[in-house]
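> Once you've had a glance at the structure underneath, I'll fire off some questions.
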Amino acid sequence: MQIQCRMINVSGVVQGVGFRPFIYHIAIENGLCGYVKNAGNDVEIVTEGEKEDIDRFLHDLYFKKPPLSLIDQIKTNVFRVSGFSDFSILTSEQDETANSIIPPDSAICSDCLRDMYDSKDRHYHYPFTSCTNCGPRYSLVSSLPFDRENTSMLEFPMCSECSLDYKMSSDKRFHAQTMCCPNCGPVLSLTNGNCDVLASGHDAIIKCAELIDGESIVAVKGYSGFHLVCNATSDRATLKLRNALNRPAQPFAVMAKDVETVCSFASINADESSLLLSRQRPIVVLDKSDEFPLSEQITPDLHNIGVMIPYSGTHHLLFDNSDADVYVMTSANLPGLPMVIDNEEALSHLDKIADYYLLHNYAIKNRIDDTVIRIVNGRMAFIRRSRGFVPERIELPFSIEPAIGVGPELNTTVTIAKKNSAYISQYIGNTRHFETDQYHKQVVLNLEQLTKITPRLWGCDLHPEFNTTRFAQDIGGEGTVFVQHHHAHIVSLMVDNFLPVDSRIIGIALDGSGYGENGTIWGGEVLEATYSGYERTAHLMEQPMPGGDMAATYPSRMLLGMLHDALEPKELRELPLYFKYGESERDIVLDQLEKGINLVKTSSAARVLDSAAALLWISHYRSYQGEPAMKLESVAKKSIHNIDLPVVCKRGVLDTTSLLYELYERIDTHAVCDLAYSIEDALARGVAELAISSAKKRNIDVIGLSGGVAYNEHITGRISEAVKDAGFEFITHKKIPCGDGGVSLGQVMVAGDSEGIS
Amino acid sequence: MSKDKVIRMEHGAGGEPMQALIRDLILNNITNKSAGPVGLDDLDDGATINIANTMDGSKKCDEIVITTDSHVIKPPFFPDSNIGRLAVSGTVNDLAVMGAAPLALTCAIVVPEGFELESFEKIIKSMNAAAEEVGVPIIAGDTKTVERNGLDSIIINTTGIGIAGDVIRDSGLCPGDKIILTGTIGDHGISLLAHREGFDFSTDLVSDVAPLWNMIRAVIPIRNVEGKPAISAMKDPTRGGLAGALNEMAQKSGTGIIIHQRDLPIKESVSSACEMLGIDPLEVANEGKAIICVKAEHAEEALSIIRNHKYGRDAAIIGEATDGHSGKVLMKTIIGSMRYVDIPTGDLIPRIC
Ligand SMILES: [Fe+3]
Ligand SMILES: [Mg+2]
Ligand SMILES: [Zn+2]
Ligand SMILES: [Zn+2]
């Protein structure tokens, strides 16, 4: 028997997930000596023993790894035998060259829940119970490696019992960095707006549940930010929350006690159920049941609702003490501003909204909004990719230079990348607002620190007025790479499908708006795209937007623009449309169109759907992003009969004026829901036709779809069908949002590949 | 000739193309650009000329301020006013916001053949009335005519000479200073647009064009306990509107600016017209308004003096200069968040997704 020694380096999500204790266990099991330690953000293992034992160890390492861990790479090197007498866990050391990253937050595990409900356990009724397999991670880490002193837990030194568990190799809290108990850990407290503590610990839960059961609005501090919470069956409370937030219609998410409860108000399939139950605990967008027992104020005029189930101990305990089984649970932020994460901030910013505050006393280091996922045609579509998923590594199909994509403006994220790895940040929000712009800069810094990537190239949007663009130019200087918005969408789709470096596809980008090349605004584009460039092969007809963004806010303005050349002035004036300033505004818009004053052209797909929503009297004012098109989709869901509207495509341009005109012609003869369905259908067919003819002409066999309109199940389904029927491969998004949350990934790829390195 | 090798309308629109034209083709090609503390490179409202110390040997002497402006406006007659009143007011205001009393004006007119004599006379009478209002003589002039297809309307250039005890710059803003706006924004630009394009906003909105010296001279003497002027900076928000002027002041002064949407004086008719057209009222031109920045402790005093004047009745303190976000202008919105006030580009570029 010959003793051998190996140095094993493991990269991936290997810190804060119980990896070192796991290594300890399998080393002991296989009779090996040596040590394990965190090195930078990798894990370094030295094992000494017989060859077969080391091989078995490596097998266990790969196949028995802890649930929260993710192994990207295992490097094994022969090492000189040094005669270790045991196997030990060493303390961490700093290493600048590492390339792994901390894990995302994870819902409380069943073991910890059991402890929390065990009256004999010291974690009884203690909501911050966590172990190596569960609990907050990214939200409370300030730097690497993932050790207690680099997290919010630094403030809470372990008591003697916790220290014992920490050292006990058989305990699931062996080396758990976030471990704590009522003797040493954070505490909950319930306060009113004046900061008076009304209750603390478990009493705070009981009292809080009581208040929510009544009609109070409580700001609840969670893993990674505050939620505003109220009773979901109460119209009064929900409406009060709407008014206080100045959100007349934007859908609220709810949290239900369990999946069984979800079934009582929404229809749910197996995929959706396993998503709800996954440790990431995203908000899943579900169709409402026909009999909807909750307040209609939660998602007014929509057929669906965002639902999640409890993920923290606090959530579980609240429902245990509550009569209500469903809570409205929406991110606590003022319109346009980042979600509140700090106690003082909550008390000052939410004072006109929340009646009470359920606070805890550890600091949230990274603000992370809930993830929102919708199943579209049997596939997961990320509407927002945040808690539970960030900052997971995205593997790139080829190597790029160290680069960053700063995102667009409205639903922006940031992506940092190097070689084969990209890290997409959490949802940031609308950087038009100063506070969110500051937050954006902070996320860039944090991401640089956590990944230890120093970007050389800065990808940004072409839009000259985006603060993100200015920021990239300020810091990136010569290394700034401007990436057209829809090219970025398509490139993110190519990465998502792991297409190789020299791929060429026909990409369909359908969304609200992005700065085009000729000063017009794009949004219904067919591009022949590679990772480095694109050609616009077809698009929707360019339509005037009277007053620019005003036409996006008030869809009736957009509709007048689209029908201006198709109808007589008298007919235009007789259209039953809503204008904020009534008839005089309508006449001024017609005047603007006539004289060409303050107009800009757009080929946006979303504006076509908005216009249809206005024409069909479904939506007249956009109070949240996508409102008119979302409401149109909800009405279309009720359709039983498709009217085959004729679609006109000429020289690569889909005539959207004639599309709207066909709709106008049928208003008196068909049901609104059928008309809503038909316009979606015709738009999808037209776009598919454009893409298919581009693909044929250019001899390309893959067609893909990206952009926010791709969340529309009907439109995506119809395009997919048409493309596949024509014999082409059809690709859509998998792990990356098709909306603007994915744009930063496209930017980083184009920037990082801009010098032809692959 | 390629499109970017000739003058385009954007070269006069106040945005980046105009800045580039001034920087690259004008400032770069003129070698001797100053005759006193404020010269061409400062791109202030006017420039100053040093006069040798006065005979009596006192250290401090007044400064001569000079400014010039060519006025073109379509149409030359607009609600309540015309290009004549504008030509005098514009130049008087450029002097006034440098703290200078107008001493004299010159006037050069280029007019196309076919221009009606009656209109011509009306314009000259309006010039006279505006000049009389602030007691400034018009002492020299020049008139040229061009063929009717060489020009489609009248152009008036005025040059003004003024004198200032303490020259006030647009770059003198200090953190903490209060920002006073002397009246409602957007009246001129919106009334002109409505008149020119025939938009029916069903209001009696008129242009605000006015010479502001009499109002401004009343606040210039305000001093602090050490005898220093309380006014730190002034500017008139003409082309580029309030947004353009505030950005320029923030950049030149190296401070940040926060304004409060709630406190902005704006007529209901202007804000609804702007909303109907999709125009940001902060970017609309004014011709009878000034931005006056005052040390905080004198802000109320200055405000009440301004409000006593007929052109300052709607004056308000709209914000303050800050230490942070240097060179940037922010607006605290009515809903409570903070929005960037961008430098107007002159283009309409939607950004809503
Ligand atoms: Fe987009
Ligand atoms: Mg000026
Ligand atoms: Zn656990
Ligand atoms: Zn403890």
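> Do you know which residues across the range B:108-126 are in a helix (DSSP H, G or I) and within 28 Å of the chain's Cα centre (by Cα)? Lay out the reasoning, then the answer.
Looking only at the range B:108-126, we keep the residues that are in a helix (DSSP H, G or I), and these are B:117-126.
Of everything in the range B:108-126, those that are in a helix (DSSP H, G or I) and within 28 Å of the chain's Cα centre (by Cα) turn out to be B:SER119, B:PHE120, B:GLU121, B:LYS122, B:ILE123, B:ILE124, B:LYS125, B:SER126.
> Within 14 Å of another protein chain (Cβ to nearest Cβ) and either of a type in the set (Lys, Arg) or surrounded by fewer than 24 Cβ atoms within 10 Å (Cβ to Cβ) (or both): does that describe A:GLU542? Before you say what the answer is, go through the steps one by one.
Details: within 14 Å of another protein chain (Cβ to nearest Cβ): yes; either of a type in the set (Lys, Arg) or surrounded by fewer than 24 Cβ atoms within 10 Å (Cβ to Cβ) (or both): yes.
Taking the combined requirement at face value, the residue satisfies it.
> So, one more: Restricting attention to the range A:622-634, does a residue exist that is surrounded by fewer than 18 Cβ atoms within 10 Å (Cβ to Cβ) and within 27 Å of A:TYR515 (Cβ to Cβ)? Steps first, answer last, please.
Taking the range A:622-634 and keeping what is surrounded by fewer than 18 Cβ atoms within 10 Å (Cβ to Cβ), we get A:623-624.
Filter once more, so that each one left must be within 27 Å of A:TYR515 (Cβ to Cβ): A:623-624.
Yes, there is a match, as at least one residue in the range A:622-634 is surrounded by fewer than 18 Cβ atoms within 10 Å (Cβ to Cβ) and within 27 Å of A:TYR515 (Cβ to Cβ).
> Going through the range A:24-48 one residue at a time, which ones are of a type outside the set (Val, Ile, Thr) and within 39 Å of the chain's Cα centre (by Cα)?
Here is the first cut: in the range A:24-48, the residues of a type outside the set (Val, Ile, Thr) are A:24-25, A:27, A:29-35, A:37-42, A:44, A:48.
The answer is A:TYR24, A:HIS25, A:ALA27, A:TYR35, A:LYS37, A:ASN38, A:ALA39, A:GLY40, A:ASN41, A:ASP42, A:GLU44.
> Hey, among the residues in the range B:188-200 that are facing chain A (nearest Cβ under 10 Å), closer than 18 Å to B:GLU283 by Cβ and not basic (Lys, Arg), which one's surrounded by the fewest Cβ atoms within 10 Å (Cβ to Cβ)?
So in the range B:188-200, the residues facing chain A (nearest Cβ under 10 Å) come out as B:193-194, B:196-200.
Within this subset, residues satisfying the condition of being closer than 18 Å to B:GLU283 by Cβ are B:193-194, B:196-197, B:199.
Now drop any that are not not basic (Lys, Arg), which leaves B:193-194, B:197, B:199.
Working: B:LEU193: 22, B:ALA194: 21, B:GLU197: 16, B:PHE199: 20.
The extreme case among them is B:GLU197.
> Name the one entry in A:ILE521, A:ILE508 that is β-branched (Val, Ile, Thr) and away from chain B (no Cβ under 14 Å). Lay out the reasoning, then the answer.
Details: A:ILE521 fails: away from chain B (no Cβ under 14 Å).
Every option except A:ILE508 fails the conditions.
> Could you count how many residues in the range B:182-221 are free of Cβ contacts under 8 Å to residues at least 24 places away in the same chain and farther than 24 Å from B:PRO76 by Cβ?
Within the range B:182-221, residues that are free of Cβ contacts under 8 Å to residues at least 24 places away in the same chain and farther than 24 Å from B:PRO76 by Cβ number 2.
> Specify the residue that is nearest to A:ARG374 (Cα to Cα); the eligible residues are those in the range A:674-707 that are open to solvent by 30 Å² or more (accessible area, probe 1.4 Å) and not aromatic (Phe, Trp, Tyr).
So in the range A:674-707, the residues open to solvent by 30 Å² or more (accessible area, probe 1.4 Å) come out as A:677, A:685, A:689, A:693, A:696-699, A:701.
Keeping just the survivors that are not aromatic (Phe, Trp, Tyr) gives A:685, A:689, A:693, A:696-699, A:701.
Working: A:ARG685: 23, A:GLU689: 26, A:SER693: 30, A:LYS696: 32, A:LYS697: 34, A:ARG698: 33, A:ASN699: 33, A:ASP701: 28 Å.
Among residues in the range A:674-707 that are open to solvent by 30 Å² or more (accessible area, probe 1.4 Å) and not aromatic (Phe, Trp, Tyr), the one nearest to A:ARG374 (Cα to Cα) is A:ARG685.
> Regarding the range A:140-157, can at least one residue be identified that is under 30 Å from the mean Cα position of the chain (by Cα), away from ligand 4 (no atom under 16 Å from the Cβ), modelled with pLDDT of 90 or more and in a loop (DSSP other than H, G, I, E, B)?
no
> Let me ask you something else. Filter the range A:483-539 down to the residues that are closer than 24 Å to A:THR656 by Cβ, out of contact with any helix residue (DSSP H, G or I) (no Cβ under 7 Å at 6 or more places or on another chain) and among the acidic types (Asp, Glu), then identify the one that is most open to solvent (accessible area, probe 1.4 Å).
For the range A:483-539, the residue satisfying everything is A:GLU517.
> Which residues, counting only those in the range A:332-355, are at negative phi, small (Gly, Ala, Ser) and surrounded by 19 or more Cβ atoms within 10 Å (Cβ to Cβ)? First the steps, then the outcome.
If we filter the range A:332-355 for residues that are at negative phi, which is where we start, we get A:332-335, A:337-355.
Restricting the remaining residues to those that are small (Gly, Ala, Ser) gives A:332, A:346, A:348, A:354.
Matches in the range A:332-355: A:ALA332, A:ALA346, A:ALA354.
> Restricting to the range A:390-420, name every residue that is open to solvent by 20 Å² or more (accessible area, probe 1.4 Å), under 15 Å from the mean Cα position of the chain (by Cα) and of a type outside the set (A, V, I, L, M). Show your work before the answer.
Looking only at the range A:390-420, we keep the residues that are open to solvent by 20 Å² or more (accessible area, probe 1.4 Å), and these are A:392-393, A:395, A:397, A:399, A:401-402, A:410-411, A:418-420.
Next, from what is left, pick out any that are under 15 Å from the mean Cα position of the chain (by Cα): A:392-393, A:410-411.
If the condition is that a residue be open to solvent by 20 Å² or more (accessible area, probe 1.4 Å), under 15 Å from the mean Cα position of the chain (by Cα) and of a type outside the set (A, V, I, L, M), then A:GLU392, A:ARG393, A:ASN411 are the ones that fit.
> If you don't mind, there's one more thing I want to ask. Considering only residues that are more than 14 Å from A:LEU616 (Cα to Cα) and in a loop (DSSP other than H, G, I, E, B), which ones fall in the range A:559-579?
Within the range A:559-579, A:HIS564, A:ASP565, A:ALA566, A:LEU567, A:GLU568, A:PHE579 meet the criteria.
> Hey, could you check the range A:243-261 for residues that are in a loop (DSSP other than H, G, I, E, B) and surrounded by fewer than 19 Cβ atoms within 10 Å (Cβ to Cβ) and say which is nearest to the other protein chains (Cβ to nearest Cβ)? Outline the logic, then answer.
Step one: list which residues in the range A:243-261 are in a loop (DSSP other than H, G, I, E, B), which gives A:246-253, A:257-258.
Checking which are surrounded by fewer than 19 Cβ atoms within 10 Å (Cβ to Cβ) leaves us with A:246-250, A:258.
Details: A:ASN246: 6, A:ARG247: 11, A:PRO248: 13, A:ALA249: 16, A:GLN250: 14, A:ASP258: 35 Å.
Here the residue is A:ASN246.
> Among B:LEU95, B:LEU105, which is the only one that is under 20 Å from B:GLY288 (Cα atoms) and assigned to a helix (DSSP H, G or I)?
Only one candidate passes the filter, namely B:LEU95.
> So if I check each of B:LEU181, B:LEU173, B:LEU212, B:LEU242, which one is within 25 Å of B:ALA104 (Cβ to Cβ) and open to solvent by less than 10 Å² (accessible area, probe 1.4 Å)?
Of B:LEU181, B:LEU173, B:LEU212, B:LEU242, the one residue that is within 25 Å of B:ALA104 (Cβ to Cβ) and open to solvent by less than 10 Å² (accessible area, probe 1.4 Å) is B:LEU212.
> Give the residue that is farthest from the other protein chains (Cβ to nearest Cβ), with candidates limited to residues of the range A:321-338 that are in a strand (DSSP E or B) and under 19 Å from the mean Cα position of the chain (by Cα).
Step one: of the range A:321-338, the residues in a strand (DSSP E or B) are A:326-331.
So of that shortlist, the ones also under 19 Å from the mean Cα position of the chain (by Cα) come out as A:329-331.
On the way: A:MET329: 22, A:THR330: 17, A:SER331: 15 Å.
Applying the filter and picking the extreme gives A:MET329.
> Okay, moving on. Would you check which residues across the range B:22-54 are part of a loop (DSSP other than H, G, I, E, B), touching a Lys or Arg at 6+ places or on another chain (Cβ under 9 Å) and within 16 Å of ligand 2 (Cβ to nearest atom) and list them?
Within the range B:22-54, B:VAL38, B:GLY39, B:LEU43, B:ASP44, B:ASP45 qualify.
> I've got another one for you. Give B:ILE257, B:ILE266 a once-over and let me know the one that is outside any helix (DSSP H, G or I) and either under 26 Å from A:LEU560 (Cβ atoms) or open to solvent by 30 Å² or more (accessible area, probe 1.4 Å) (or both). Reasoning before the result, please.
Values: B:ILE257 fails: either under 26 Å from A:LEU560 (Cβ atoms) or open to solvent by 30 Å² or more (accessible area, probe 1.4 Å) (or both).
The match here is B:ILE266.
> Also, I was wondering about something else. For the range B:177-199, state whether one or more residues are charged (D, E, K, R) and farther than 25 Å from B:ARG307 by Cβ.
Yes, the range B:177-199 contains a residue that is charged (D, E, K, R) and farther than 25 Å from B:ARG307 by Cβ.
> Return the total of residues in the range A:447-477 being open to solvent by less than 10 Å² (accessible area, probe 1.4 Å) and acidic (Asp, Glu).
Number satisfying all stated conditions: 1.
> Sticking with this one: For the range A:174-189, name all the residues that are more than 16 Å from ligand 3 (Cβ to nearest atom), of a type in the set (S, T, N, Q) and within 13 Å of A:TYR362 (Cβ to Cβ).
A:SER189
> With a cut-off of at least 3 residues that are over 31 Å from the mean Cα position of the chain (by Cα), name the strands (runs of 3 or more DSSP E) lying wholly within the range A:180-225. Steps first, answer last, please.
On the way: elements: A:188-192, A:197-200, A:218-221.
Strands (runs of 3 or more DSSP E) meeting the threshold: A:197-200.
> Being within 34 Å of the chain's Cα centre (by Cα) and over 30 Å from A:GLU535 (Cβ atoms) is the requirement here; does A:ILE640 meet it?
On the way: within 34 Å of the chain's Cα centre (by Cα): yes; over 30 Å from A:GLU535 (Cβ atoms): yes.
Spelling it out, A:ILE640 is indeed within 34 Å of the chain's Cα centre (by Cα) and over 30 Å from A:GLU535 (Cβ atoms).
> Same structure, new question: Determine whether A:TYR578 is more than 10 Å from every other protein chain (Cβ to nearest Cβ), farther than 21 Å from A:GLY524 by Cβ and open to solvent by less than 20 Å² (accessible area, probe 1.4 Å).
Values: more than 10 Å from every other protein chain (Cβ to nearest Cβ): yes; farther than 21 Å from A:GLY524 by Cβ: yes; open to solvent by less than 20 Å² (accessible area, probe 1.4 Å): no.
Spelling it out, it is not the case that A:TYR578 is more than 10 Å from every other protein chain (Cβ to nearest Cβ), farther than 21 Å from A:GLY524 by Cβ and open to solvent by less than 20 Å² (accessible area, probe 1.4 Å).
> Here is a further query. For the range B:238-277, name all the residues that are under 19 Å from the mean Cα position of the chain (by Cα) and among the acidic types (Asp, Glu).
B:GLU248, the sole residue that qualifies.
> Please state which one of A:ASP496, A:ASP591, A:ASP549, A:ASP587 is of a type in the set (Asp, Glu), within 12 Å of another protein chain (Cβ to nearest Cβ) and within 16 Å of ligand 1 (Cβ to nearest atom).
Values: A:ASP496 fails: within 12 Å of another protein chain (Cβ to nearest Cβ); A:ASP591 fails: within 16 Å of ligand 1 (Cβ to nearest atom); A:ASP587 fails: within 16 Å of ligand 1 (Cβ to nearest atom).
That would be A:ASP549, the only listed residue that is of a type in the set (Asp, Glu), within 12 Å of another protein chain (Cβ to nearest Cβ) and within 16 Å of ligand 1 (Cβ to nearest atom).
> Have a look at A:ASN150, A:ASN77, A:ASN133 and point out the one that is within 13 Å of ligand 3 (Cβ to nearest atom) and away from chain B (no Cβ under 14 Å).
Details: A:ASN150 fails: within 13 Å of ligand 3 (Cβ to nearest atom); A:ASN77 fails: within 13 Å of ligand 3 (Cβ to nearest atom).
Answer to the check: A:ASN133.
> Which members of the range B:253-291 meet the condition of being among the small types (Gly, Ala, Ser) and under 30 Å from B:LEU43 (Cα atoms)?
Step one: filter the range B:253-291 for residues among the small types (Gly, Ala, Ser), giving B:253-254, B:256, B:269, B:271-273, B:278, B:285, B:288, B:290.
Hits for the range B:253-291 are B:SER253, B:GLY254, B:GLY256, B:ALA285, B:GLY288, B:ALA290.
The values are calculated or read from the model by the stated rules, or taken from the named source; none is laboratory data. Every value quoted in this text rests on a predicted model; they were computed, and no experiment measured them. Ideal geometry is used to build each Cβ from the backbone, glycine not excepted, and the neighbour counts take in all protein chains shown. In case anyone asks, the SASA skips ligands and DNA or RNA and just uses the protein heavy atoms, side chains included. Shrake-Rupley method; radii C 1.70, N 1.55, O 1.52, S 1.80 Å.
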